[in-house]
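Below: one structure, written as structure tokens.
The values are calculated or read from the model by the stated rules, or taken from the named source; none is laboratory data. Because the structure is predicted, anything quoted here is derived from the model rather than measured. Reconstructed Cβ throughout: ideal geometry from the backbone, glycine too, with neighbour counts over all protein chains shown. When the accessible area is computed, the model is the full protein with side chains, heavy atoms only, and any ligands, DNA or RNA have been set aside. Shrake-Rupley method; radii C 1.70, N 1.55, O 1.52, S 1.80 Å.
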Amino acid sequence: MSTVSINVEIDGQQHDISECSWYFISPCGCTSGVMTTKDYDTGGWLTTEDQAMASWTPKRSVREQDKERGERLELGLREDVVERLEGECQHTPKWGAPVIPDGTEWGSATGLRTIHVVEELKDGEERSAWRAPICGAAENYFEISRSTRGDKPMCKKCLAIGAAA
Ligand SMILES: [Zn+2]
Ligand SMILES: [Zn+2]
């Protein structure tokens with residue numbers, strides 16, 4: 001059995017990729033998270049930023065919007081993880097996250113190409129409800145949850161309204 005070693009360069013020094021991690025860099029410049037360089041689907045290694053992003057965010061349209069917003073991944077040493085993740089982001093918005101108005105949440109509806117910002121769930125509502133998005137798009141039956149973020153890109157009109165609020 002042969003072992004292939006893959007070397008990558010960090011700050012001018014060569015390192016084996018197994019000693020490295022991918023760090024999430026928010027649009028504000030803060031390090032917000034970490035993922036492994038190991039690709040558990042294939043047993044290989046995620047050696048480029050594009051490969052790592054595709055592994056983390058399989059939906060291409062979502063990934064492209066994240067990139068446009070300035071989300072990046074940066075190769076770093078695994079041993080630096082505690083030091084790199086101990087800082088709290090002091091920016092507004094925190095972690096460069098898209099701002100949505102108070103009392104709203106992201107919602108996803110079948111057949112729509114983007115997720116929209118809608119009024120958050122009220123008492124007695126579970127998961128889904130009829131809503132008219134804040135951008136003026138037609139009323140629809142939305143699954144309302146922050147976790148819809150990875151499903152589809154965010155509506156640009158809703159984003160613009162949130163940013164101006
Ligand atoms: Zn920050
Ligand atoms: Zn919208």
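Suppose R0 equals 45 Å. What FRET efficiency, 1/(1 + (r/R0)^6) with r the Cβ-Cβ distance, do Ser5 and Thr110 give to the nearest 0.05? Once the sixth-power term is evaluated, E becomes 0.45.
Which value in deg cm²/dmol, rounded to the nearest 500, describes the helix-derived mean residue ellipticity at 222 nm for the chain, given -39,500 (n - 2.57) per DSSP H run of n ≥ 4 and division by the residue count?
Working: 4 runs with 31 residues, N = 165.
That calculation yields -5000 deg cm²/dmol at 222 nm.
Modelled spin-label separation between Ala132 and Glu19, with each label point placed 7 Å from Cα along the Cα-to-Cβ direction: 6.1 nm.
The Cα atoms of the range 81-165 cover 46, 27, 25 Å along the three principal axes, with the biggest extent listed first. Accessible surface area normalised per residue over the range 68-137 is 65 Å², counting heavy atoms of protein chains with a 1.4 Å rolling probe.
Using only the alpha carbon atoms of the chain, find the Kirkwood hydrodynamic radius as the inverse mean reciprocal pair distance, in angstroms to one decimal.
On the way: mean 1/r = 0.0558 Å⁻¹.
In the chain this quantity evaluates to 17.9 Å.
Using the Cβ-Cβ distance between Lys38 and Asp80 with R0 set to 22 Å, the FRET efficiency works out to roughly 0.80. One Cα centroid belongs to the range 1-53, the other to the range 95-114; the line between them spans 30 Å. Kirkwood's formula applied to the C-alpha pairs of the range 7-91 gives a hydrodynamic radius of 13.5 angstrom. Using the Cβ-Cβ distance between Asp123 and Glu49 with R0 set to 30 Å, the FRET efficiency from 1/(1 + (r/R0)^6) comes to roughly 0.10.
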